[in-house]
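These notes concern the structure reproduced below.
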Amino acid sequence: MTFRQKHLLGIEPLHPAEITALLDLADQYVDLNRREQKHSDALKGLTQVNMFFENSTRTQASFELAGKRLGADVMNMAMQASSIKKGETLIDTAMTLNAMHPDLLVVRHPHSGAVDLLAQKVNCAVLNAGDGRHEHPTQALLDALTIRRSRGRLHRLNIAICGDVAHSRVARSNLILLGKMENRIRLVGPPTLVPAQFAEFGAEIYEDMEEGLRDVDVVMMLRLQKERMDGGFIPSEREYYHRYGLDAQKLSHARPDAIVMHPGPMNRGVEIDGEIADDINRSVIQEQVEMGVAVRMAAMDLLARNLRDSRANRAVNA
Ligand code: NCD
């Protein structure tokens, strides 16, 4: 078996062969999801708990649908209303949940590293649905699947990741994944949002958007993460749109068949022009959402197989 992970906490620990195995399985789930009967029993009998300590629309819905399509019992914990508000620590909440025997725990948390910490305390598979500025592995995997299906490959592509790289776990996970698969990555944005240390990931940094987009195969736009900024990162949204907002003029510097991506939610008229976002000949934003469900199904299926194997081994050795 190629996929050896116990948890999916980030892209960092994955071997390229594990990424490929996961994407191959996700391709099969894309087919299943396009049928009228979208059901499989891969997670039958298992319990999936979604704990989102930060707001989320598509990621939470996507994980919920993925679990239900695979036959799991899925519970969404309303973390805003939970005991966390009464001062219970993350670990206490996790231990309480753990006592209910979940098999898969999907966690989003505002602090980088919080999901890793939690994974050390529970005895089920943990999936990181985004932790602070650290990682958002299923987003990078769904982006990879979208690129692979539309470009026909996932290596030796020129990919521009544009905008608020500094605050983005999506950018970090994508940088790691696309780097492992041997692509050339450019980071495009003002120095306040694309700090020079990101060159460590092996990316080239561009301050000028038109230069940065020249001849690229993929243009990945990022949301301005205003909730993570404490002022002073951009002069004004208007000025930002003028210099870094993706419009037809700036996109004309990319390859004529370059695809446009965005993880959502979008700020139309800030980082991207609404018409570009809706242009079905260029934008694959809706495909990204579709791939998201399939990738999460594949990730939970593979982790559940490893979980069952390790439980079976423990039973034999007991
Ligand atoms: C991203 C996130 O939450 O990190 N969104 C998502 O998962 N679809 C990106 C963002 O919030 O801008």
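The values are calculated or read from the model by the stated rules, or taken from the named source; none is laboratory data. As the structure is a computational prediction, the values presented were derived from the model and not from experiment. Methodologically, a virtual Cβ is constructed for each residue, glycine included, from the backbone with ideal geometry; neighbour enumeration extends over all protein chains shown. Accessible surface is based on the protein model in full, side chains and every heavy atom, while ligands, DNA and RNA are left aside. Shrake-Rupley method; radii C 1.70, N 1.55, O 1.52, S 1.80 Å.
Looking at ASN98, ASN128, can you tell me which residue is in contact (Cβ under 8 Å) with a residue 12 or more places away in the chain and under 15 Å from THR47 (Cα atoms)?
Step by step, each of ASN98, ASN128 is checked, and only ASN98 is in contact (Cβ under 8 Å) with a residue 12 or more places away in the chain and under 15 Å from THR47 (Cα atoms).
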In region 265-284, what residues are open to solvent by less than 70 Å² (accessible area, probe 1.4 Å) and closer than 21 Å to ARG151 by Cα?
ILE276, ALA277, ASP279, ARG282, SER283, VAL284
Any chance region 32-49 includes a residue that's at pLDDT 95 or above and at positive phi?
yes
Please go through (1) more than 24 Å from ALA258 (Cα to Cα); (2) at pLDDT 95 or above for PRO190 and return the number of the only condition it doesn't satisfy.
(1)
Failed criterion for HIS111 (all others in (1) closer than 21 Å to LEU23 by Cα; (2) open to solvent by 10 Å² or more (accessible area, probe 1.4 Å) hold):
(1)
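Consider region 29-75. How many of its residues are within 16 Å of the ligand (Cβ to nearest atom), more than 12 Å from PRO102 (Cβ to Cβ) and touching a residue at least 24 places away in the same chain (Cβ under 8 Å)?
Of all residues in region 29-75, those within 16 Å of the ligand (Cβ to nearest atom) come to 50-66.
If we keep only those that are more than 12 Å from PRO102 (Cβ to Cβ) as well, we get 52-66.
Checking the rest, the ones that are also touching a residue at least 24 places away in the same chain (Cβ under 8 Å) come to 52-54, 56-60, 62-63, 65-66.
So the count comes out to 12.
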Of the criteria (1) among the hydroxyl-bearing types (Ser, Thr, Tyr); (2) open to solvent by less than 50 Å² (accessible area, probe 1.4 Å); (3) without any contact (Cβ under 8 Å) to a residue 24 or more places away in the chain, which one THR93 fails:
(3)
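What is the residue count in region 247-264 for residues that are within 15 Å of the ligand (Cβ to nearest atom), in contact (Cβ under 8 Å) with a residue 60 or more places away in the chain and either open to solvent by 80 Å² or more (accessible area, probe 1.4 Å) or assigned to a loop (DSSP other than H, G, I, E, B) (or both)? Walk me through how you get there before you give the answer.
The initial filter retains those residues of region 247-264 that are within 15 Å of the ligand (Cβ to nearest atom), namely 261-264.
Adding the requirement that they be in contact (Cβ under 8 Å) with a residue 60 or more places away in the chain leaves 261, 263-264.
With either open to solvent by 80 Å² or more (accessible area, probe 1.4 Å) or assigned to a loop (DSSP other than H, G, I, E, B) (or both) added as a condition, the list becomes 263-264.
Matching residues across region 247-264 total 2.
Among what's in region 152-171 and is open to solvent by 10 Å² or more (accessible area, probe 1.4 Å) and either in contact with an Asp or Glu (Cβ under 6 Å, 6 or more places away or on another chain) or assigned to a loop (DSSP other than H, G, I, E, B) (or both), pick the residue that is farthest from ALA298 (Cα to Cα). Can you show your working first?
Pass one, region 152-171, residues open to solvent by 10 Å² or more (accessible area, probe 1.4 Å): 152-156, 158, 166, 169-170.
Retained after the next criterion (residues that are either in contact with an Asp or Glu (Cβ under 6 Å, 6 or more places away or on another chain) or assigned to a loop (DSSP other than H, G, I, E, B) (or both)): 152-156, 158, 166, 169.
On the way: GLY152: 20, ARG153: 19, LEU154: 18, HIS155: 21, ARG156: 25, ASN158: 27, ALA166: 29, ARG169: 21 Å.
The selected residue is ALA166.
Go through region 164-190 and give me each residue that's away from the ligand (no atom under 15 Å from the Cβ) and touching a strand residue (DSSP E or B) at 6+ places or on another chain (Cβ under 7 Å).
Of the residues in region 164-190, the ones away from the ligand (no atom under 15 Å from the Cβ) are 178-188, 190.
LEU178, GLY179, ASN183, ARG184, ILE185, ARG186, LEU187, VAL188, listed by residue number.
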What residue, among those in region 114-150 that are within 16 Å of the ligand (Cβ to nearest atom) and within 24 Å of ALA99 (Cβ to Cβ), is surrounded by the fewest Cβ atoms within 10 Å (Cβ to Cβ)?
ALA114
Can you name every residue in region 121-138 that is among the β-branched types (Val, Ile, Thr) and within 18 Å of THR57 (Cβ to Cβ)?
THR138
Residues that are in a loop (DSSP other than H, G, I, E, B), free of Cβ contacts under 8 Å to residues at least 40 places away in the same chain and away from the ligand (no atom under 16 Å from the Cβ), drawn from region 204-246:
GLU207, ASP208, ASP230, GLY231, PRO235, SER236
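For every residue, the table says whether it meets (1) at positive phi; (2) in contact with a strand residue (DSSP E or B) (Cβ under 7 Å, 6 or more places away or on another chain).
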| residue | (1), (2) |
| --- | --- |
| LEU251 | no, yes |
| GLY264 | yes, no |
| VAL270 | no, no |
| ARG311 | no, no |
